[in-house]
1. Give me a count of the residues in the stretch 79-113 that are touching a Leu at 6+ places or on another chain (Cβ under 6 Å) and within 17 Å of residue 34 (Cβ to Cβ).
2. I'm trying to understand the selection: among the residues of the stretch 77-113, which are crowded, with 16+ Cβ neighbours inside 10 Å and among the β-branched types (Val, Ile, Thr)?
3. Whether any residue in the stretch 46-60 is touching a residue at least 24 places away in the same chain (Cβ under 8 Å) and buried (at least 16 other Cβ atoms within 10 Å of the Cβ) is what I want to check.
4. Could you check the stretch 73-101 and list, in sequence order, the residues that are hydrophobic (A, V, I, L, M, F, W, C) and without any contact (Cβ under 8 Å) to a residue 60 or more places away in the chain?
5. Hey, can you tell me all the residues within the stretch 1-39 that are part of a loop (DSSP other than H, G, I, E, B) and at pLDDT 85 or above?
6. Pull out all pairs, ordered by first then second residue, where Cβ-Cβ is under 6 Å, the residues are six or more apart or on different chains, the first lies in the stretch 61-72 and is within 16 Å of residue 41 (Cα to Cα), and the second is surrounded by 14 or more Cβ atoms within 10 Å (Cβ to Cβ) and not charged (D, E, K, R).
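The values are calculated or read from the model by the stated rules, or taken from the named source; none is laboratory data. None of these values were measured; they are calculated from a predicted model. In this analysis, Cβ positions are derived from the backbone assuming ideal geometry, glycine residues included, and neighbour counts consider all displayed protein chains.
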Amino acid sequence: MAKQTIEGRIKSDLRFGSTLTWYTFPVPEFDEKTRQRIIKAGKKVLDARALPPERSLAEHYNPLAMAPELIKAHDALDREVDKAFGASRKLTTVRQCQELLFANYEKLTTQQP
């Protein structure tokens, strides 16, 4: 969601830039338990993508043909990340994700050292 909000586009494709996306991404400090839950959920996404290894990323993420295992793995990862960022409930819209990201960004950038 942050990428869609702050990055530019070439044609309709999203661009990735370390200076606008990665280094400005508002990541709070996670405790080890939270960090491990996110890592475990991320590995399940990779495992789901490996099930049909002949598929390209474009094929994996075709909204009309996404494997149920991959959808389930992404939903679980989203839940862990949303919870780690302080969401009190499941985020279901881009707007909700943006509000949470910007609230974290504001909190992290206004903290005293």
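1. Qualifying residue count, the stretch 79-113: 3.
2. 81
3. So far as the stretch 46-60 goes, yes, one or more of its residues are touching a residue at least 24 places away in the same chain (Cβ under 8 Å) and buried (at least 16 other Cβ atoms within 10 Å of the Cβ).
4. 73, 76, 77, 81, 84, 85, 87, 91, 100, listed by residue number.
5. Residues satisfying the conditions are 29, 30, 31.
6. Listed pairs, sorted by first residue: 69/48; 70/48.
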